[in-house]
Amino acid sequence: MQKRHITFGGPMKKLRMLLPDGFCALRDDLGEFIRMRRKAYEGGGGLSQQGLANIAGIRRESLSRIENGHRWPSYDALYRIMDVLDLEWHELAHDGPSERPARLYAPERRQDLGSALRAGRQKEELTLDELARKTGLSVSQLSRIERSQSISGRLLERIDSGKPVGAGEVADPVFRFVHPELARLAAIGLEISKADRT
């Protein structure tokens, strides 16, 4: 499935996100739609905000703001929400080409790396504070890395340049962490992710 970076946003600040090729924007009532599907989870039994937030790897307050239309989810959080609520892109996004030229926001492979780090850290039962002490990085920097909002180039080594899948598409490189502790935890997280898919 080809991906493209698009702009989405209604009254909130516009930002760019990775969506499958052929989709131009997330629906304006995304938060309300997620809330309705969360409440109808498992035949109407529902899923609590805290339960879905835990699965999505975000705070309950963040999910509340998403559901109330005050913020957009990150790609990583949205992907996890889609997985648990059994949602498809055609339910969440409008068909069509992007209206503006693509700008790199958070390539999917970096998203995977941030998610893998979080999963590995949680598997090892490490807090962000403990990981900060082990790595010499700040808690806020580690939190941004796990959300794939900001991964410094000095922390990454490109292991595959990737190739654009079509004309005008952005290359999708593959990275690994340079810091041995981050690399170790990400490897654990990637194994968890592989096991979840099988």
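The values are calculated or read from the model by the stated rules, or taken from the named source; none is laboratory data. Model, not experiment: these values are computed from the prediction. For neighbour counting, all protein chains shown are included, and Cβ atoms are generated from backbone atoms with ideal geometry for every residue, glycine included. The area values use the complete protein model at the heavy-atom level, side chains included, leaving out ligands, DNA and RNA. Shrake-Rupley method; radii C 1.70, N 1.55, O 1.52, S 1.80 Å.
What to note about this one:
- Here the range 76-96 is the region considered, the condition is being acidic (D, E) and touching a residue at least 40 places away in the same chain (Cβ under 8 Å), and the residue that is least open to solvent (accessible area, probe 1.4 Å) is D76.
- The criterion of being at pLDDT below 85, open to solvent by 20 Å² or more (accessible area, probe 1.4 Å) and among the charged types (D, E, K, R) does not hold for D129.
- The lone criterion from (1) assigned to a helix (DSSP H, G or I); (2) hydrophobic (A, V, I, L, M, F, W, C); (3) at pLDDT below 85 left unmet by A119 is number (3).
- Tallying residues that are within 24 Å of L142 (Cβ to Cβ) and either open to solvent by 90 Å² or more (accessible area, probe 1.4 Å) or outside any helix (DSSP H, G or I) (or both) within the range 62-75 yields 5.
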